[in-house]
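Trainee: Before I ask anything, let me first share the structure, which is written out below as structure tokens.
The values are calculated or read from the model by the stated rules, or taken from the named source; none is laboratory data. No experiment lies behind these values; they were computed from the predicted model shown. As a convention, Cβ positions derive from the backbone with ideal geometry for all residues, glycine included, and neighbour counts pool all protein chains shown. When the accessible area is computed, the model is the full protein with side chains, heavy atoms only, and any ligands, DNA or RNA have been set aside. Shrake-Rupley method; radii C 1.70, N 1.55, O 1.52, S 1.80 Å.
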Amino acid sequence: DHIQVVRYIKMHTRPGETLYVGLAHHDRIFVNDNITYFATQRLPATMWSQFDPFLQNRADIQQEMMGELERNRPPYVVLDGEFEESNEPNGSSVSTGVHLLDEYIAAHYTFATSFGKLTILKRQND
């Protein structure tokens with residue numbers, strides 16, 4: 001699935017364009033995919049490419065990320081749902097209830113394709 005995502009992004013974007021690789025839901029962070037940036041040779045659209053529990057699932061950080069996405073306007077977003085069912089015996093399993101980034105992505109991106117639990121969204125003309 002990851003190889004298909006990399007191929008798709010490389011075929012549908014140009015070098016120099018940014019990419020955002022996030023989660024299916026940004027209110028709970030267990031782990032995120034950083035390798036797709038390297039494999040596609042596309043730079044992250046936000047400075048927040050490495051996710052940590054209780055950081056990128058906070059409202060203030062998500063607002064900052066939304067601002068960067070608005071400025072950089074990556075043509076595609078990859079959402080990784082592989083670890084939705086994973087739980088650790090610590091705070092990373094708890095939802096912060098913050099869905100600002102999910103709402104932003106839903107408002108500005110539309111379904112392009114999916115490979116397994118990886119979904120690719122394309123920026124709408126807005």
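Trainee: Taking region 1-57 only, how many residues are part of a loop (DSSP other than H, G, I, E, B), of a type outside the set (D, E, K, R), in contact with a strand residue (DSSP E or B) (Cβ under 7 Å, 6 or more places away or on another chain) and open to solvent by 30 Å² or more (accessible area, probe 1.4 Å)?
Mentor: 1
Trainee: Is it the case that Ala107 is modelled with pLDDT of 95 or more, outside any helix (DSSP H, G or I) and of a type in the set (A, V, I, L, M, F, W, C)? Lay out the reasoning, then the answer.
Mentor: Numbers: modelled with pLDDT of 95 or more: yes; outside any helix (DSSP H, G or I): no; of a type in the set (A, V, I, L, M, F, W, C): yes.
No, not satisfied.
Trainee: Taking the condition open to solvent by less than 50 Å² (accessible area, probe 1.4 Å), aromatic (Phe, Trp, Tyr) and touching a Lys or Arg at 6+ places or on another chain (Cβ under 9 Å), does Tyr76 pass?
Mentor: Working: open to solvent by less than 50 Å² (accessible area, probe 1.4 Å): yes; aromatic (Phe, Trp, Tyr): yes; touching a Lys or Arg at 6+ places or on another chain (Cβ under 9 Å): yes.
Taking the combined requirement at face value, the residue satisfies it.
Trainee: Being at pLDDT 90 or above and under 13 Å from the mean Cα position of the chain (by Cα) narrows it down to one of Gln63, Gln50, so name that one. Give the steps one after another, and end with the answer.
Mentor: Values: Gln63 fails: under 13 Å from the mean Cα position of the chain (by Cα).
Selected residue: Gln50, the only one of Gln63, Gln50 that is at pLDDT 90 or above and under 13 Å from the mean Cα position of the chain (by Cα).
Trainee: Hey, could you check region 113-126 for residues that are in contact (Cβ under 8 Å) with a residue 40 or more places away in the chain and in contact with a strand residue (DSSP E or B) (Cβ under 8 Å, 6 or more places away or on another chain) and say which is nearest to Glu70 (Cα to Cα)?
Mentor: To start, the set of residues in region 113-126 that are in contact (Cβ under 8 Å) with a residue 40 or more places away in the chain comprises 113, 115-123.
So of that shortlist, the ones also in contact with a strand residue (DSSP E or B) (Cβ under 8 Å, 6 or more places away or on another chain) come out as 113, 117-123.
On the way: Thr113: 22, Lys117: 25, Leu118: 22, Thr119: 20, Ile120: 18, Leu121: 15, Lys122: 14, Arg123: 11 Å.
Checking each candidate, the answer is Arg123.
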